[in-house]
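Let me begin by presenting the structure, written as structure tokens, before commenting on it.
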Amino acid sequence: MQPTRKTGLGDSLLLRRTEEPAPEASAVSADVPMASVSPAPESEPTVPVVTPIEPVLPRTTSTKKRKEQLVLRDRSTLYLERSVNEQLRLVARIEGRERSEVATDILRKYLPKYRIEREE
């Protein structure tokens, strides 16, 4: 025998178990004998009714830019003055590019190119 639990809810419906209704044994009423019920003869095959399908709208393209494939680069540390570093960060943010891309473009444009040859 289980002890009565005192929850403070009294005769609340929250603590009562709900009983599922018993499934009926037959959908046919008991007044009609089973032998007299016969399946309806099939005259013509029924054609399923086709409802018109609404066209599906194409997905709208996302406004977010997809990440481009990363280009392999050498990792190197450059020590910049704070003002130059801040300006580089600001330019990259305004142009929507990475700092390394902006720095690479500037260095390619203004860095002098030297040619080294062997003397024979």
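Values computed for the structure shown
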| read-out | value |
| --- | --- |
| Positions within region 72-116 being outside any helix (DSSP H, G or I) and among the basic types (K, R), in sequence order | R73, R75, R97, K113, R115 |
| From T7, T104, residue being at pLDDT 90 or above and among the hydroxyl-bearing types (S, T, Y) | T104 |
| Near pairs, Cβ below 9 angstrom, 6+ apart or cross-chain, from region 77-101 (more than 16 Å from K67 (Cα to Cα)) to any residue that is open to solvent by 80 Å² or more (accessible area, probe 1.4 Å) and β-branched (V, I, T) | L88/I106; V91/I106 |
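The values are calculated or read from the model by the stated rules, or taken from the named source; none is laboratory data. Because the structure is a prediction, the values reported are computed rather than measured. With ideal geometry, Cβ positions are generated from the backbone for all residues, glycine too; neighbour counts draw on all protein chains shown. Ligands, DNA and RNA are stripped out before the accessible areas are found, and what is left, the full protein with its side chains, is counted by its heavy atoms. Shrake-Rupley method; radii C 1.70, N 1.55, O 1.52, S 1.80 Å.
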